[in-house]
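Read the structure below first, then the notes.
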Amino acid sequence: MGKVAVITGAGSGIGRSVAIALSQRGYRLVLAGRRIEALKETETLLHGGAEALCVATDVTDSASVNALFGAATARFGRVDLLFNNAGVNAPDVPLDQLADEDWRRVIDTNLTGAFLCLRSAFATMKAQVPQGGRIINNGSISATSPRPNSIAYTASKHAITGMTKSTSLDGRPFDIACCQIDIGNAASAMGSRMAKGVPQANGTLAVEPVMDVAHVGETVAYMDSLPLDANVQFITLMATKMPFVGRG
């Protein structure tokens with residue numbers, strides 16, 4: 001039987017690319033997201049014969065997250081991988097104009113939501129036999145190199161890095177490996193604005209190169225292909241020519 005993976009934000013973009021890549025490798029998948037219709041669409045794109053369970057989930061609600069992992073274990077008996085991916089962004093406005101509700105929405109989803117999913121995955125992996133599993137958090141290169149007008153998103157992703165490190169340490173006694181992928185300019189819904197021009201550090205707007213989102217799925221599959229006694233702690237996957245390295 002293939003390994004069991006829970007993927008949040010599986011209804012589109014990066015989550016969908018990871019679901020497709022894992023389905024090609026025989027994983028049994030639990031697809032989580034707010035819109036069941038989008039999850040069902042992802043299910044139709046999986047490699048033939050892949051077994052999948054679609055669960056409408058609000059990652060900001062602990063009861064909804066607990067129900068997700070309950071459904072996963074009820075169907076498949078265990079969880080071997082969590083791809084902790086669900087995330088949102090805030091409007092591109094000056095820092096002093098960012099509304100309270102936009103700040104809270106980003107932090108609630110990107111940080112608290114990621115924690116709730118991680119906590120449930122950790123508890124599941126700790127209790128199951130054989131014990132252990134892998135948690136891959138979707139961070140961002142914005143955690144260390146932010147764009148202008150991105151304080152909420154940047155703060156949430158910077159915190160994800162701390163959460164990854166803490167979980168890596170706390171998971172050691174239970175064979176729970178935790179790692180992080182930082183993605184730059186994948187051609188997804190969130191990355192579509194690159195073609196229209198995005199703010200640069202010098203105050204200009206510039207069109208930026210993007211990469212095929214399928215590369216994200218392949219990279220996550222590689223990270224989880226390692227045995228639990230080996231871990232890609234952090235990996236940066238980016239469009240080669242995007243303005244990130246050096247002066248940009």
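When residues in the stretch 59-105 are screened for being of a type in the set (S, T, N, Q) and in contact with a Cys (Cβ under 8 Å, 6 or more places away or on another chain), 1 of them pass.
Counting the residues of the stretch 135-172 that are in a helix (DSSP H, G or I), of a type in the set (Ser, Thr, Tyr), without any contact (Cβ under 8 Å) to a residue 60 or more places away in the chain and over 16 Å from Phe115 (Cβ atoms) gives 2.
Close Cβ contacts (under 8 Å, 6 or more residues apart or on different chains) running from residues in the stretch 108-120 that are under 14 Å from Leu68 (Cβ atoms) to residues that are acidic (Asp, Glu) comprise Leu116/Asp61. Filtering the stretch 132-152 to residues that are among the hydroxyl-bearing types (Ser, Thr, Tyr) and either in contact with a Pro (Cβ under 8 Å, 6 or more places away or on another chain) or surrounded by 23 or more Cβ atoms within 10 Å (Cβ to Cβ) (or both) leaves only Ser140. Of all the numbered requirements in (1) buried (at least 24 other Cβ atoms within 10 Å of the Cβ); (2) of a type in the set (Ser, Thr, Tyr); (3) more than 18 Å from Met1 (Cβ to Cβ), Tyr27 misses one, and that requirement is (3). The residues of the stretch 194-217 that are of a type in the set (Val, Ile, Thr) and over 17 Å from Ile14 (Cβ atoms), listed by number, are Val198, Thr204, Val207.
For (1) in contact with a strand residue (DSSP E or B) (Cβ under 6 Å, 6 or more places away or on another chain); (2) closer than 19 Å to Asn137 by Cα, each residue gets a yes or a no:
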| position | (1), (2) |
| --- | --- |
| Ala5 | yes, yes |
| Gly15 | yes, yes |
| Ile20 | no, yes |
| Leu39 | yes, no |
| Thr44 | no, no |
| Gly48 | no, no |
| Ala71 | yes, no |
| Asp108 | no, yes |
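Within the stretch 191-248, the set of residues being in a loop (DSSP other than H, G, I, E, B), in contact with a Leu (Cβ under 9 Å, 6 or more places away or on another chain) and surrounded by 15 or more Cβ atoms within 10 Å (Cβ to Cβ) comprises just one member, Val232. For the stretch 169-192, the criterion of being small (Gly, Ala, Ser), touching a helix residue (DSSP H, G or I) at 6+ places or on another chain (Cβ under 6 Å) and either at positive phi or at pLDDT 95 or above (or both) is met by no residue.
Do we find a residue being touching a residue at least 12 places away in the same chain (Cβ under 8 Å), farther than 24 Å from Lys165 by Cα and of a type outside the set (Asp, Glu) anywhere in the stretch 79-93? Yes, the stretch 79-93 contains a residue that is touching a residue at least 12 places away in the same chain (Cβ under 8 Å), farther than 24 Å from Lys165 by Cα and of a type outside the set (Asp, Glu).
The values are calculated or read from the model by the stated rules, or taken from the named source; none is laboratory data. Just so we're clear, the structure is a prediction, and the values are computed from it rather than from any experiment. So basically every Cβ, Gly included, is an ideal-geometry build from the backbone, and we count neighbours across all protein chains shown.
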